[in-house]
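Have a look at the structure below, then the notes.
The values are calculated or read from the model by the stated rules, or taken from the named source; none is laboratory data. Just so it is clear, the structure is predicted and the values come from calculations on it, not from any experiment. Every residue, glycine as well, gets a Cβ built from its backbone with ideal geometry; the counts of neighbours run over all protein chains shown.
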Amino acid sequence: MFLVKLYGNVVPYVKPPNLTLVKYEEIEEKSMNYHTFDPLNTNTISPILTCLTDIYKRYQPINEGNVATYIPELAKANPDLFGICITTPDGQIYQVGESQHSFTIQSISKPFVYGLALGDHGVEKIMSKVGVEPTGEAFNSIVFDEENNRPYNPMVNAGAIATTALIKGEGYEQRFNRILSMFEGFAGRSLTVDEAVFESERSTGHRNRAIAYLELNAGMLEGNLEEHLDLYFRQCSILVTAKDLAVMAATLANNGINPITQQQAVNPEEVRAILSVMASCGMYDFSGEWLYRIGLPAKSGVGGGIIAVLPGQFGIGTFSPLLDPRGNSVRGIKVCEELSQRFKFHLFDSHPVSQTCVSRTYTGAMVSSRRQRRAFQRDFLDQAGEKILVYELKGDLYFATLEKLTRQLQSNQQTAKFIVLDGRRVGNVNSSAITLLSEIKQWCLSQEITLMLTGFEPKTTVRLKANGWTDEGFVDNIDTALEWCENCLLAEQDYQDITVKDQLSLEEMDIFKAFTAEEMTAIAPLFSEVSYQPKDFIIREGEKSDRLFLLAKGMTTVSLQLSQTEQRKRLTTYIPGIAFGELALFDINVSQRTADIVADTEVICYVLEFDRLKTLLKTKPEVYIKLLQTFGKTLVNTIKRATLEIRSLSV
């Protein structure tokens, strides 16, 4: 058995399915994600494992029930065996007792094969062949839905045989290969068949054979009946462990993705169907009481196993061959009931009233993009920015939380032209939230509002695109979203930036809009024109701060190296008409630059070395003072705007 490291876990290498069935050898697998009870090392036991150990010790002495005897090989089971395992959707495994002892899966195979059949034929075809109604009868009852000419559900033997008969494939071997491969995808490792149990079931399965012939006679089955029966007997004889069952259950809890291999074992649509029939019919004529007392989708097997699922949270696998009269594991039921009561796992346990999913709301007038704007553009955006609404979302998104968001959106629809939903702090997004987000998108279109999403996890983006969203609905980050919205507002007023090919004169700089021609005559000689090529450093971090720059042509980016291991952080982008480096004018002690400024395109700057200001101070002191006051006012406005943003983002 080879072990491979996958996503930080050590997991068994799964061979392609092969019909050469070898004797099963129990494998002791070790992983950083395994938590196994060791009585000699109690200091390392996790709280969850402590709980499982307590439950194991409580119910291990129970000797109620009997092993299955109607299949001779099952009658040989050791009644003292008992194992418990819990697996989470991120691959954590907690196990106690004989959780890695192999036994045959038996009827626990039924919901998984049902999912495979759904994938083969679709819901309508399967529903016409097998219903989903509980019978209130034993698992091997010969009762049919005569009105619809079908078995009542796929969890009783009659329905399971009909379901297995629907599995596609060219002949027996290919069909069983598909079934075995499916189970291996759920378990995350290669599996084998207990040939002795298979032969025992085939030779003594007279009642199942009678059920199959009744179905054939009534037109419920088609094709080779003996082949269908052999497939059914063999699927029930696949060897698993309680740990395998827990991983399989966690795969269902994880929307069909195996938590160990990270592979999609079954489509999410089939997961819902599988869990539905498990909840309503999985425990036979005990299903109603099970749902009432324990409240988890589950399936039992006469081999002693029970599988239970809490969607989104974990999967449970238990093994104990002592069965009650209904064919369910006595210890397994008690374990699941204890866990449900201790931790309130029941599906219908009271849940907290939904809170709002909006942590903060602000407008484009309160918080702007990092792109620097010219003074007239900034003045315009200080007013028009109210049309840009940003909602920072938090926590899990589901119908109730998003419903509250829709009310907020409707209350702001009169002013909003752009809505940005920031999902950086969002957790799980369930299917109802995906649907409601798409409804919000359609509502925005009807109101002529542009809706954009940013910061959501890739898996959420993929699900939304499958629901009709296009790439235009997503942006990389909140700054890009704000900049795009600002550009749209500026374009409507013909306030767009000049092209990078144009060059502004010194007089056209924002800083000099209040200066007279005479004053400019005194100032112009102080500046020199300097050209830069793309990727040239205009300012380097650590350089002496002894000059300022006026950007006449092109674009530049200010960036900062946060650490040696991280990428550079973009702070802002400058466009023509903007001054930078002016803060050093007011620094009594000449300091060093704190960031890099790099040319994005061909750039021309008007550069003022501070030493040259001494000449202006001597010849035109009033112009010198006016120049300092103008730069000072610009810095004050920048600080005010930054303060407003900080206040807006701290609410």
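Within the range 334-341, is even one residue of a type in the set (Asp, Glu), in contact (Cβ under 8 Å) with a residue 40 or more places away in the chain and either outside any strand (DSSP E or B) or not assigned by TED's automatic domain parsing to the domain that holds Gly97 (or both)?
yes
Does Leu608 qualify as being part of a strand (DSSP E or B) and either touching a Leu at 6+ places or on another chain (Cβ under 9 Å) or closer than 30 Å to Ala365 by Cβ (or both)? Let's see the steps before the verdict.
On the way: part of a strand (DSSP E or B): yes; either touching a Leu at 6+ places or on another chain (Cβ under 9 Å) or closer than 30 Å to Ala365 by Cβ (or both): yes.
Yes, satisfied.
Given the residues Ser203, Ser237, Ser190, which is the only one that is in contact with an Asp or Glu (Cβ under 9 Å, 6 or more places away or on another chain) and surrounded by fewer than 23 Cβ atoms within 10 Å (Cβ to Cβ)?
Ser190
Has the range 140-147 got any residue that is within 34 Å of the chain's Cα centre (by Cα) and in the same structural domain as Gln235 (by TED's automatic domain parsing)?
No, every residue in the range 140-147 fails to be within 34 Å of the chain's Cα centre (by Cα) and in the same structural domain as Gln235 (by TED's automatic domain parsing).
Given the structure, is Gln92 closer than 23 Å to Leu239 by Cα, touching a residue at least 24 places away in the same chain (Cβ under 8 Å) and surrounded by fewer than 24 Cβ atoms within 10 Å (Cβ to Cβ)?
Judged against the criteria, Gln92 is a match.
Return the only residue of Gly468, Gly577 being in contact with a strand residue (DSSP E or B) (Cβ under 9 Å, 6 or more places away or on another chain) and of a type outside the set (Phe, Trp, Tyr).
Working: Gly468 fails: in contact with a strand residue (DSSP E or B) (Cβ under 9 Å, 6 or more places away or on another chain).
After applying the criteria, what remains is Gly577.
Are any of the residues in the range 205-220 within 16 Å of Ile71 (Cα to Cα), assigned to a helix (DSSP H, G or I) and without any contact (Cβ under 8 Å) to a residue 24 or more places away in the chain?
Checked against the condition, which is being within 16 Å of Ile71 (Cα to Cα), assigned to a helix (DSSP H, G or I) and without any contact (Cβ under 8 Å) to a residue 24 or more places away in the chain, the range 205-220 yields at least one hit.
Scan the range 131-156 residue by residue and report those that are part of a strand (DSSP E or B) and closer than 12 Å to Lys110 by Cβ. Write out each step before concluding.
Step one: filter the range 131-156 for residues part of a strand (DSSP E or B), giving 144-145, 150-151.
Once the filter is applied, which keeps residues that are part of a strand (DSSP E or B) and closer than 12 Å to Lys110 by Cβ, the range 131-156 yields only Pro151.
Is it fair to say Lys168 is closer than 15 Å to Ile211 by Cβ and either touching a helix residue (DSSP H, G or I) at 6+ places or on another chain (Cβ under 8 Å) or buried (at least 20 other Cβ atoms within 10 Å of the Cβ) (or both)? First the steps, then the outcome.
On the way: closer than 15 Å to Ile211 by Cβ: no; either touching a helix residue (DSSP H, G or I) at 6+ places or on another chain (Cβ under 8 Å) or buried (at least 20 other Cβ atoms within 10 Å of the Cβ) (or both): yes.
No.
Listed residues Ala375, Ala384; which is modelled with pLDDT of 90 or more, within 25 Å of Gln493 (Cβ to Cβ), in the same structural domain as Thr461 (by TED's automatic domain parsing) and among the aliphatic types (A, V, I, L, M)?
Criteria check complete, one pass: Ala384.
Take the range 363-383 and flag every residue that is surrounded by fewer than 20 Cβ atoms within 10 Å (Cβ to Cβ) and either in a helix (DSSP H, G or I) or within 28 Å of the chain's Cα centre (by Cα) (or both).
Ala375, Phe376, Arg378, Asp379, Phe380, Asp382, Gln383
Would you be able to tell me the number of residues in the range 608-637 that are without any contact (Cβ under 8 Å) to a residue 12 or more places away in the chain and β-branched (Val, Ile, Thr)?
So the count comes out to 2.
For the range 629-651, check the following and say yes or no: at least one residue is of a type in the set (A, V, I, L, M, F, W, C) and more than 52 Å from the chain's Cα centre (by Cα).
no
Name every residue in the range 398-426 that is modelled with pLDDT under 90 and closer than 20 Å to Val462 by Cα, in order of residue number.
Hits for the range 398-426 are Tyr398, Phe399, Leu402.
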